[in-house]
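Worksheet: the structure to be examined is printed underneath.
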Amino acid sequence: MRLLGIVAIIGVLCVLALTGFVQLAKVARFHELNTLHLQATHALNELIAHPAKGVIDVQAVRSAVLRVRDQPLGCLREVGAFARAEISLLGGTELLHLCEQDVALADNALLAIAAHEAGTLDSTQMHSQLIATAATFREHSDAFIAPVAAVGQRLAWSVLIGMIAFTILAIYVVFGIVRRIGETLRQLQESNDSLAQSEGKNRQLALYDSLTGLPNRSLFLDRVNQAVAFTRRSNTSLALMFVDLDRFKDINDSRGHDAGDQLLKTISERLQSVVRSSDTVARLGGDEFAVIVGQVADRNDPVMVALRTLEAVSKPMLIDGVEHQISASIGITLCPQDGEDAATLLKNADLAMYETKAAGRNGYRFYSQQTDENVRSRMRTEQFLRSAVSAGQLLLHFHPIVDLSNGRTVGAEALLRWNHPEDGLVFPDGFITLAEETGLICEIGYWVMDDALAQCQVWRRQHPAFTMAVNVSVRQLRDPAFVDHVAALLGKYEMPAAALHLEITESLFLAGEDLALSTLHMLGELGVSLSIDDFGTGYSSFGYLRQLPFRILKIDRSFIRGVPGNPDDAAIAGAIVSMAQSLGLSVVAEGIEFDHHMTFLRGLACPFGQGYLFSMPLPAAQFDPGACYPIV
């Protein structure tokens, strides 16, 4: 309490000092205004006493009167109701009275001038009234000096006496505290505080995530068991949700751990905002979160929470001035239907989450008996895929790229196939996502490029202008050695860099991959032709088209399928071709299956195309690099 007394006294001293300085500043301001008042009065007197050519300049006199009036009016404006009371207590009532009189005199003088201009007051009467007013102004200026000085002196003494009194009081209180507080008691208090803080910190570290402040895995599992026990007693159900952020590692790797940490904090806040206060949100580690949704009536309850979660997570967020957008994959399990202990429920939700990822991410799945079978199948596929390159099970089919002006084959796109030892020929949709998630995509991608360039070298011996298009993963672009690897392969097969077309999907721009974008610049400097695949279906950024060394746009087959009958598809395809031409880019239209597709594209002056109208993707032995197809 005494310490609070000292703080209060110090506060009062500060207020007194500040108030004193403010009031003294006002006194100084009064002096300044009075000086201006005296100067303006002198100027007014000169205009009246010595008019130019013997005639009073009415407009000049009015301006002079207004300038005289401004000074006392300024004094009155400087003084509020509280300050008036202060000045009155300090004996300064006369100051305010003089100011009010001067304002009234000035107003009367202005009225006289107005009456003269209206013809109701002759020049002699106006002149007499102005002379009297000017004389009174001078008297008031002289009378103003002494009261202002007196107020300033009283104010200074008041502040000084007040500060001395409160200083003495503060010293008295301090000595009282020193006498009453013993060293032993102080040390004991410090020891108790230290122990309490240490205990609280240890508990926080043991049970809560240090980054987000959410319950950690240990506390979450304990709360799950408590919730399960409650469901048994109350004969109710609960849902456990496993939430995993999609491609968080991409952001963490490209933007740095600080940006990743900020994203995790933002996501944790959003997750807490979509659940009830009675529910629990926890961070299990990395980019994995879990949610307990208690007292669910049916499957619709966790579905609603999952939908709110997906919406909240997917909202754009600014991190270090850069906009990021991320999605989540959610697995849901129910208690008691799927299990009645924390470990089982968490495992089931985790398995369901992996099913969501396998289905394309950014969604939710419920756990079921089929989930276990799907996970086992995924693990089996992954096991086979890890040995696919070394076992020689991968192969390439080639899809011709055709010059639409003459039907000649100008190049090919290398398309990956997997000759699975048990399932037979598997298309990329069946294993590329898994390869991305497991990191196998880099090894597979390098094999594809090596094999494609080896085949291209063979075909270029007869057709020197032949080009080869190869799809590239964002993970490959993040590899610091990727550019060197491409350069080495070009040298190995004696191919010009421009003959290699690397196709990149628009998801690269959505991720904002700084490292990957830097790799594209280096590839452009190397001379490789860069192509945006499936243009128009993803995050098309015209800024990136200007900033990055792209040479080719590939129109996605979804826009070609409906032309020319679908006006929207026709408009989009036409706009892409027109834009590419304006930017000096080449265009390849995918999905040409019918004559009317080709006729429409030729009408747009689209230079290249590929599709089943010309050929299916074929093994190298069946592919004709010199084929010429009929043009309609």
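Please compute the net charge surrounding ALA342, taking Lys and Arg as +1 and Asp and Glu as -1 over other residues with Cβ under 9 Å from its Cβ.
On the way: positive: ARG223; negative: ASP222, ASP341.
Around ALA342, the surrounding residues sum to -1.
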Through the Karplus equation 6.51 cos²θ - 1.76 cosθ + 1.60, θ set to phi - 60°, convert the phi angles of segment 285-300 into ³J(HN,Hα) values in whole Hz; use x for Gly and Pro.
x, x, 9, 9, 10, 9, 9, 9, 10, x, 6, 8, 7, 7, 5, 5
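Between SER277 and SER558, what length in nm is gained on full extension when 0.36 nm per residue of separation is reduced by their alpha carbon distance? If you can, show how the numbers build up before the last one.
Numbers: separation 281, 0.36 × 281 = 101.16 nm, distance 4.50 nm.
Using 0.36 nm per residue and subtracting the Cα-Cα distance, I get 96.7 nm.
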So THR167 and GLU139, fully extended at 0.36 nm per residue minus their Cα-Cα distance, gain in nm 5.7 nm
Quick one: which residues, 5+ away or cross-chain, put their amide H under 5 Å from the amide H of LEU238? H built at 1.01 Å from N.
VAL296, CYS335
Over the heavy atoms of CYS335, what accessible area does a 1.4 Å probe trace out, to the nearest 10 Å²?
0 Å²
If amide H atoms are built 1.01 Å from N in the plane of the peptide, which residues on other chains or at least 5 residues away come under 5 Å of the amide H of VAL588?
LEU553, LYS554, ILE555
Report the accessible area of SER390, computed with a 1.4 Å probe over the heavy atoms of all protein chains in place, in Å² rounded to the nearest 10.
100 Å²
Summing Lys, Arg as +1 and Asp, Glu as -1, what charge do residues with Cβ under 10 Å from the Cβ of GLY286 carry, GLY286 excluded?
-1
So which aspartates and glutamates pass the test for LYS265, namely a Cα distance under 20 Å, with those fewer than 8 places away in the same chain ruled out?
ASP209, ASP244, ASP246, ASP250, ASP253, ASP279, ASP287, GLU288, GLU311, ASP320, GLU323
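The values are calculated or read from the model by the stated rules, or taken from the named source; none is laboratory data. Here the structure is a predicted model, which is why all the values come from computation and not from measurement. Cβ sites come from the backbone with ideal geometry, for glycine too, and all protein chains shown count toward neighbours. The accessibility values were calculated without ligands, DNA or RNA, using every heavy atom of the protein model including side chains. Shrake-Rupley method; radii C 1.70, N 1.55, O 1.52, S 1.80 Å.
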